[in-house]
Amino acid sequence: MSKQYSVLILLICSIMYAGAVKAQQPEVLTPEQFIEWIRQYHPVARQAGLQVEKAEAELLSAKGGFDPTAGLNASRKTFDGKNYYYYTNPELKIPTPIGIDVKTGIENNGGDYITSEVTKGKTSYLGLEVPLMKGLLMDKRRAVLRQAKIYRDQSEQERRSMLNDLLFDAYTSYWQWAGAYQLYSIYNRYISIGYKRLQLLRNAYANGDKAMMDTVEAYTQIQSYEMQQADALLKLNNAALELSNFLWFGNDSAVLLPSHYRPDTLQFAINKEVGQVENILSQAVLQHPDLRSYEFKLDALEVERRLKFQSLLPYLTVKANLLNRDYYALKGLNGALLENNYKWGIDFKLPLFLREGRGDYRKAQLKIKETNLQFENKRWQVTNKVRSYFNEYAILQQQLRTTNSMYNNYSALLRNEELKFSQGESSLFMINSRESKLIELLQKQTELRIKYLKASYAVSWAAGLLQ
């Protein structure tokens, strides 16, 4: 029994050890996974979503201007045993989207000293309040509602703009990390090659085929690579920390990049096609969130201009109420009722100089003109920025093709030098020289690829297409 128990414990420990080893195995973090992680949890991405929610709340508030309102006006006076008066007037007011207010209410008035303008007893009314000039086509509450709808659409563009900037920074950090990892891997590989060469030289020296100085030179070359590898490791660690700025959990807590994560070096080596520049410019004009925001801003300013135009018109409002006995405003509705039971009035106002209205309307026009100028300037900036990054992308693509050709040539020279060295026709110095040139080229190629990937994403970012 004890033996079986020991075997069971050993089996459990083996499984736990295997799980721990597996957990520490390198795991590839692809750019797609990285970006999706950011979309889900990064504070800026979540703040971008809040912009839309705030606009929805603003729209709900604007709709409140059309909420029906119920009110009550009541008063009573009793003094020295006398019932002077009592007034009770509950009223319901219903605003409509066309600027007409519907009112209905009931009255219950009485007392010994009630004013003569008030009808005693129980009465009811149903009426309209209609603006005929100022406020007929546009008033403040309708303008606020239309602008709130425009701002809701504009908030979506603000969300896209924030994501566009965030994702560009994230892609840049990811490929910087991938490049640092690639450079560190290059030194790892050539240090390993150097140690194998050193071992062969030591064996040859022991057999009397090589001089001791060859082993010293081989080891010195390894030390040089190790120094450069240490610098590459520092850059890799710093790049990982920079990448960690974009890593968050759902509970709003930041997280460092796990040490066993590795970048997708396959995608790092693949050329990223961005398409034709004219097609990108066409998409930018139609879809760039900053340009779309200007369009919505102009729409909102046009609503404001129409509202300010109302200030140039006289204020003329007609009020008409249909009156009836008891609490049924439409009871016994006929021609005689309409002819004999009504109350109407006119409210008219006209500023003699209209200076406030003219000033407000002029300011609204100037705001539109100013925003149009800003819009055209922004569109031109976007166009030139896209072209600039596309030019950089094209040049870097050409340079990468050149470095690929140079890599093939340097590799061929190194292999030839190694072959000559094995036949005693060359020296270790020449091999180290060829190899150093090759590593310098790989370092330059890695730096170019980082710039190339950054430029390729910069084209999409400048066009506002990284969402």
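The values are calculated or read from the model by the stated rules, or taken from the named source; none is laboratory data. From a predicted model like this one, the values you see are computed outputs, not experimental measurements. A quick note on method: Cβ atoms are made from the backbone with ideal geometry, for glycine too, and the neighbour counts reach across all protein chains shown. For accessibility, only protein heavy atoms count, side chains too; no ligands or nucleic acids. Shrake-Rupley method; radii C 1.70, N 1.55, O 1.52, S 1.80 Å.
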Looking at the structure I just gave you, is Asn372 at pLDDT 95 or above, under 20 Å from Glu273 (Cα atoms) and not basic (Lys, Arg)?
no
Restricting attention to segment 292-322, the residues that are surrounded by 19 or more Cβ atoms within 10 Å (Cβ to Cβ) and closer than 30 Å to Asn391 by Cβ number exactly 3
Matching residues, segment 168-217, being crowded, with 18+ Cβ neighbours inside 10 Å and of a type in the set (Gly, Ala, Ser):
Ala170, Ser173, Ala178, Gly179, Ala180, Gly194
Pick from Glu392, Glu440, Glu418: which is out of contact with any Pro (no Cβ under 6 Å at 6 or more places or on another chain) and either more than 21 Å from Asn188 (Cα to Cα) or touching a residue at least 60 places away in the same chain (Cβ under 8 Å) (or both)?
Glu392
Residue that is assigned to a strand (DSSP E or B), small (Gly, Ala, Ser) and at pLDDT 90 or above, where the choices are Gly64, Gly71, Gly49:
Gly71
Condition check for Val21: modelled with pLDDT of 90 or more and under 30 Å from Tyr174 (Cβ atoms):
no
Restricting to segment 332-358, give me the number of residues that are out of contact with any helix residue (DSSP H, G or I) (no Cβ under 9 Å at 6 or more places or on another chain), surrounded by 11 or more Cβ atoms within 10 Å (Cβ to Cβ) and at pLDDT 60 or above.
7
Given (1) assigned to a helix (DSSP H, G or I); (2) touching a residue at least 12 places away in the same chain (Cβ under 8 Å); (3) farther than 29 Å from Lys451 by Cβ, Gly250 misses just (1)
Residues of segment 248-270 that turn out to be of a type in the set (Asp, Glu) and over 16 Å from Ile35 (Cα atoms), as a count
1
Residues of segment 90-121 being of a type outside the set (Val, Ile, Thr), open to solvent by 50 Å² or more (accessible area, probe 1.4 Å), over 14 Å from Lys343 (Cβ atoms) and outside any strand (DSSP E or B), which ones?
Pro97, Asp112, Tyr113, Ser116, Lys120
May I ask you to verify whether Met162 is under 30 Å from Tyr315 (Cα atoms), crowded, with 16+ Cβ neighbours inside 10 Å and out of contact with any Asp or Glu (no Cβ under 8 Å at 6 or more places or on another chain)?
no
Within segment 367-421, work out how many residues are of a type in the set (D, E, K, R) and under 15 Å from Asp290 (Cβ atoms).
4
Those residues of segment 53-104 that are out of contact with any helix residue (DSSP H, G or I) (no Cβ under 8 Å at 6 or more places or on another chain) and on the phi > 0 side of the Ramachandran plot come to a total of 2
Could you list, in sequence order, the residues of segment 418-431 that are open to solvent by 10 Å² or more (accessible area, probe 1.4 Å) and either part of a helix (DSSP H, G or I) or within 18 Å of Leu396 (Cα to Cα) (or both)?
Glu418, Leu419, Lys420, Phe421, Ser422, Phe429, Met430
Note on Trp380: of the conditions (1) assigned to a helix (DSSP H, G or I); (2) without any contact (Cβ under 8 Å) to a residue 60 or more places away in the chain; (3) within 25 Å of Ile222 (Cβ to Cβ); (4) not acidic (Asp, Glu), unmet is (3)
Could you tell me how many of the residues in segment 218-234 are over 14 Å from Leu198 (Cβ atoms) and either open to solvent by 70 Å² or more (accessible area, probe 1.4 Å) or in contact with a helix residue (DSSP H, G or I) (Cβ under 8 Å, 6 or more places away or on another chain) (or both)?
7
If we keep only residues of segment 380-413 that are out of contact with any Leu (no Cβ under 9 Å at 6 or more places or on another chain) and basic (Lys, Arg), then the residue surrounded by the most Cβ atoms within 10 Å (Cβ to Cβ) is Lys385
Considering only segment 58-84, state which residues are more than 25 Å from Ile114 (Cβ to Cβ) and in contact with a strand residue (DSSP E or B) (Cβ under 6 Å, 6 or more places away or on another chain).
Phe66, Pro68, Thr69
Members of segment 124-142 found to be surrounded by fewer than 20 Cβ atoms within 10 Å (Cβ to Cβ) and assigned to a helix (DSSP H, G or I), listed by number
Lys140, Arg141
